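First the structure, in the form of structure tokens, and then the observations on it.
The values are calculated or read from the model by the stated rules, or taken from the named source; none is laboratory data. Because the structure is predicted, anything quoted here is derived from the model rather than measured. Glycine also receives a Cβ, built like all others from the backbone with ideal geometry; neighbour counts cover every protein chain displayed.
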Amino acid sequence: MDYHDWIGVLHQLREKRQSCVLITVLSEHGSVPRDSGSKMVVTQHESFLTIGGGHLEFACIAQARAMLQSGATAPHTEDFSLGARLGQCCGGKTTLLFEPLLQAQPEIYLFGAGHVGQALVNLLSTLPCHINWIDSRPDQFSSVPPGVVTLQPDDPLDCVAQAPAGSYFIIMTHHHPLDFELCEAVLKRGDFRYAGVIGSATKNQRFRYRLAGRGVASEPLARLRCPIGLADVKGKLPAEIAVAIAGEIISVYQQHVA
């Protein structure tokens with residue numbers, strides 16, 4: 001593949017909201033595998049194009065993935081001598097530029113693995129997001145899409161406490177009192193990107209009244225989505241409810257990106 005295709009690769013990764021590091025050969029002296037301007041793109045699990053292969057490329061891929069793992073945002077240059085240290089006999093020198101291009105992916109916590117939860121996780125798993133699927137009943141996870149993390153904590157409230165700031169919380173457990181406790185914990189954190197709980201208009205009114213009585217501030221309470229999902233998407237089937245919720249999640253993270 002010609003190295004000019006890096007533009008198309010970056011476009012595809014951006015569409016997937018997938019973080020990467022763009023590596024560019026800035027200069028070369030002596031015998032080197034690739035000329036100045038050569039590029040490769042490295043994600044956490046893949047690499048595209050090449051800067052010449054061999055140990056130099058392996059070292060650069062490892063360094064790029066370490067940058068992604070640490071969340072590094074600043075670009076930097078590094079000089080490489082293509083000698084014994086890298087196991088290459090070219091004998092030349094090259095300077096490379098590492099540019100991290102980070103795309104924030106929604107961190108979703110889905111509480112409940114009932115029929116709606118199962119339909120919803122299948123939809124969400126096709127989107128560019130990280131999904132944590134939580135239910136204390138391990139037998140509920142009969143079919144788990146690739147990439148979805150399942151959790152069976154003794155206390156689901158621990159998952160709320162451990163979630164990073166800006167997370168998306170979807171609450172639809174089999175137990176209304178647990179829904180309320182989770183809702184209260186999320187709203188009292190206040191640093192969520194999205195918080196929604198499944199239920200009727202009556203449940204919504206009851207929850208809001210009780211949450212206010214528990215000291216939940218008006219601002220996070222106003223941001224609670226209940227009933228959950230896009231109002232224009234009607235239907236009571238699990239798949240229909242899942243589509244409404246997934247649509248609402250998409251609208252929230254697209255507003256954040258824009």
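Only residues that are in a helix (DSSP H, G or I) and under 18 Å from Ser19 (Cα atoms): list them for the stretch 44-69, please.
Within the stretch 44-69, the subset in a helix (DSSP H, G or I) is 54-69.
Hits for the stretch 44-69 are Cys60, Ile61, Ala62, Gln63, Ala64, Arg65, Ala66, Met67, Leu68, Gln69.
Residues that are acidic (Asp, Glu) and surrounded by 12 or more Cβ atoms within 10 Å (Cβ to Cβ), at least 3 per element: which helices (runs of 4 or more DSSP H) completely within the stretch 176-258 meet that?
Numbers: elements: 176-189, 201-213, 218-223, 238-257.
Result: 176-189.
Gln88: at pLDDT below 90, surrounded by 17 or more Cβ atoms within 10 Å (Cβ to Cβ) and in contact with a His (Cβ under 7 Å, 6 or more places away or on another chain), yes or no?
Against the criterion (at pLDDT below 90, surrounded by 17 or more Cβ atoms within 10 Å (Cβ to Cβ) and in contact with a His (Cβ under 7 Å, 6 or more places away or on another chain)), Gln88 qualifies.
Have a look at Ser19, Ser47 and point out the one that is in contact with a helix residue (DSSP H, G or I) (Cβ under 6 Å, 6 or more places away or on another chain), touching a residue at least 60 places away in the same chain (Cβ under 8 Å), closer than 25 Å to Gly147 by Cβ and crowded, with 16+ Cβ neighbours inside 10 Å. Please lay out each step first, then the result.
On the way: Ser47 fails: touching a residue at least 60 places away in the same chain (Cβ under 8 Å).
Sole residue among the options that is in contact with a helix residue (DSSP H, G or I) (Cβ under 6 Å, 6 or more places away or on another chain), touching a residue at least 60 places away in the same chain (Cβ under 8 Å), closer than 25 Å to Gly147 by Cβ and crowded, with 16+ Cβ neighbours inside 10 Å: Ser19.
Can you name the residue in the stretch 104-161 that is in contact (Cβ under 8 Å) with a residue 24 or more places away in the chain and charged (D, E, K, R) and is also surrounded by the fewest Cβ atoms within 10 Å (Cβ to Cβ) among such residues?
Of everything passing the filter in the stretch 104-161, Arg137 is surrounded by the fewest Cβ atoms within 10 Å (Cβ to Cβ).
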